[in-house]
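Let me begin by presenting the structure, written as structure tokens, before commenting on it.
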Ligand code: NAD
């Protein structure tokens, strides 16, 4: 697909409530294109009253026979049709996604949109595969464990992959028979509106998937507090996740699924078959989406004997990336989401240098004619494993490199006191790989690769403060249901 003209995109402005766009508000937020920092739309800010209306509407849709009495296989058919419509409108969705986020158009079209359709289909397939269990009770009784939807699920999504991250929440929730009210990030609000409108076109009853736009502390908190929201599912930073958990505890002791931050290591042992190829994997794992990926492999932990060769190759791979606007089809290094986030990355790098860190590549923001915020992919050798740059989530294209002389040292360095989202291990030695997967505390471990595949059956979720619960997999579907226990006495 060629690039596109960002000024000629039709934007579905507003909220989606009861199947239609709602475009009115007391307050408005300016929304900027990350690529060139231009204001391209105004976001009507939702408030507690609008959240109340959206949740009541979703609750009514959930209770209506059109959804509640629908056979699971018919629910599956609606979701498959929805996935078909996502594919039909792939170009429009991809342009909207690229315009408002950091996703380059080529990636949005080749990955984000087909992946979104694929995830919807995966969960559609689970609709009629899970009903519950029968317990091994005494023969004069029948014990049932019936899986039921919660009702209205409150979903809160981040800005880094707006459609995909939202879909991880919405698809399993709907497949399990719930209704959803979604609050997208106020920085990337519009592509999910189109997703919600396509759900209605597919025949999913209006109100089953509502979208309320606005800021986290206003709309997000109101959603978590709402008495008709039975469960909250969130993806975002650990700090916000903790705040949400507290609100959910105080307002109805609601269950939460939290997908949070990370500081994931990539371990490279000296026995890798092709160190240059591994260097390419390591570079992509931190430079993809300019490092704005929860599972970004931000800490390279490499055998001392390979360190010099690997760092040269990684620096070469970084130099080969082409920064540019997301609507240019040749861009391979997208912008940072916002000016403040770019400034934060810069400050963390400066502090790393002040603490004795050595810059091996990049190290500063990139000047560009478009005025967006771009940061050079950066490789830093920290002076100390406790340095802030090794410990804190940067959420930008910044990779630290630490050498090791023994496997024990590698596993020691791989540990993180707070996060446990993902890890990569590169080795040809099966025993080493087996030991690594036992030693490393992380929700996902990739061996001789880095990043997810399209096998949506594999769940994703963090250990420690990287999260609670799972997205994807059967576990995400089950996390959107609760079990009702029934014990029936049988007549002799
Ligand atoms: P964020 O926590 O700032 O915001 C996420 C969402 O929460 C946004 O919609 C925001 O408006 C909302 N929010 C903010 N304050 C809120 C509050 N008090 N109550 C309710 N909602 C509130 O995160 P972000 O900057 O959008 O995303 C980046 C973070 O997300 C990184 O830490 C990254 O690691 C994490 N992330 C994790 C995963 C995962 O699967 N584990 C995936 C993607 C991103």
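The values are calculated or read from the model by the stated rules, or taken from the named source; none is laboratory data. In this text, all values refer to a predicted model and were calculated from it rather than measured experimentally. Ideal geometry is used to build each Cβ from the backbone, glycine not excepted, and the neighbour counts take in all protein chains shown.
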**Q.** the range 269-294: number of residues that are touching a strand residue (DSSP E or B) at 6+ places or on another chain (Cβ under 6 Å) and without any contact (Cβ under 8 Å) to a residue 24 or more places away in the chain
**A.** 0
Q. What number of residues in the range 457-470 are under 29 Å from residue 274 (Cβ atoms) and either within 11 Å of the ligand (Cβ to nearest atom) or crowded, with 22+ Cβ neighbours inside 10 Å (or both)?
A. 1
Q | strands (runs of 3 or more DSSP E) fully within the range 8-68 counting 1 or more residues that are within 30 Å of residue 176 (Cβ to Cβ) and more than 27 Å from the chain's Cα centre (by Cα) | A | none
Q.
So the check is Cβ under 7 Å with 6+ separation or different chains; which pairs have a first residue in the range 445-459 that's within 9 Å of residue 472 (Cβ to Cβ) and a second one that's part of a loop (DSSP other than H, G, I, E, B) and at pLDDT 95 or above?
A. 456/472; 458/472; 459/470; 459/472
(Q) Can you tell me how many residues within the range 171-184 are in contact (Cβ under 8 Å) with a residue 40 or more places away in the chain and within 16 Å of the ligand (Cβ to nearest atom)? (A) 6
Q.
Here's a check for you: in the range 192-203, which residue that is within 20 Å of residue 68 (Cα to Cα) and in contact with a strand residue (DSSP E or B) (Cβ under 6 Å, 6 or more places away or on another chain) is nearest to the ligand (Cβ to nearest atom)?
A. 196
Q: For the range 386-401, state whether one or more residues are out of contact with any helix residue (DSSP H, G or I) (no Cβ under 8 Å at 6 or more places or on another chain), at pLDDT below 95 and surrounded by fewer than 21 Cβ atoms within 10 Å (Cβ to Cβ).
A: yes
(Q) Quick test of your reading of the structure: residue 206 fulfils all but one of (1) more than 9 Å from the ligand (Cβ to nearest atom); (2) free of Cβ contacts under 8 Å to residues at least 60 places away in the same chain; (3) part of a loop (DSSP other than H, G, I, E, B). Name the failing condition by number. (A) (2)
(Q) Restricting to the range 289-324, count the residues that are in contact with a helix residue (DSSP H, G or I) (Cβ under 7 Å, 6 or more places away or on another chain), within 16 Å of the ligand (Cβ to nearest atom) and assigned to a loop (DSSP other than H, G, I, E, B). (A) 1
Q. When residue 327 is evaluated against the numbered criteria (1) touching a helix residue (DSSP H, G or I) at 6+ places or on another chain (Cβ under 6 Å); (2) under 30 Å from residue 156 (Cβ atoms); (3) not in a loop (DSSP other than H, G, I, E, B), which criterion, by number, is the only one it fails?
A. (3)
Q. Under the condition of being free of Cβ contacts under 8 Å to residues at least 40 places away in the same chain and under 12 Å from residue 223 (Cβ atoms), which residue from the range 238-251 is nearest to the ligand (Cβ to nearest atom)?
A. 247
Q: Only one of these is without any contact (Cβ under 8 Å) to a residue 12 or more places away in the chain and either farther than 24 Å from residue 49 by Cα or within 16 Å of the ligand (Cβ to nearest atom) (or both): 217, 189. Name it.
A: 217
Q: Counting only residues that are within 23 Å of residue 62 (Cα to Cα) and at pLDDT 95 or above, give me the strands (runs of 3 or more DSSP E) lying completely in the range 211-278 with at least 1 of them.
A: 229-235, 256-259
Q: Could you run through the range 413-436 and say how many residues are free of Cβ contacts under 8 Å to residues at least 40 places away in the same chain and either crowded, with 23+ Cβ neighbours inside 10 Å or out of contact with any helix residue (DSSP H, G or I) (no Cβ under 9 Å at 6 or more places or on another chain) (or both)?
A: 4
Q. Looking at residue 266, is it within 24 Å of residue 391 (Cβ to Cβ) and touching a strand residue (DSSP E or B) at 6+ places or on another chain (Cβ under 8 Å)?
A. yes
Q. How about the range 95-108: which of its residues are under 17 Å from the mean Cα position of the chain (by Cα) and either without any contact (Cβ under 8 Å) to a residue 60 or more places away in the chain or closer than 15 Å to residue 329 by Cα (or both)?
A. 97, 98, 101, 102, 103, 104, 107, 108
Q: Residue by residue through the range 1-27, note down the ones that are at pLDDT below 95 and closer than 18 Å to residue 185 by Cβ.
A: 25, 27
Q: Tell me which of these residue 410 doesn't satisfy, since it passes every other one: (1) within 16 Å of the ligand (Cβ to nearest atom); (2) more than 22 Å from the chain's Cα centre (by Cα).
A: (1)
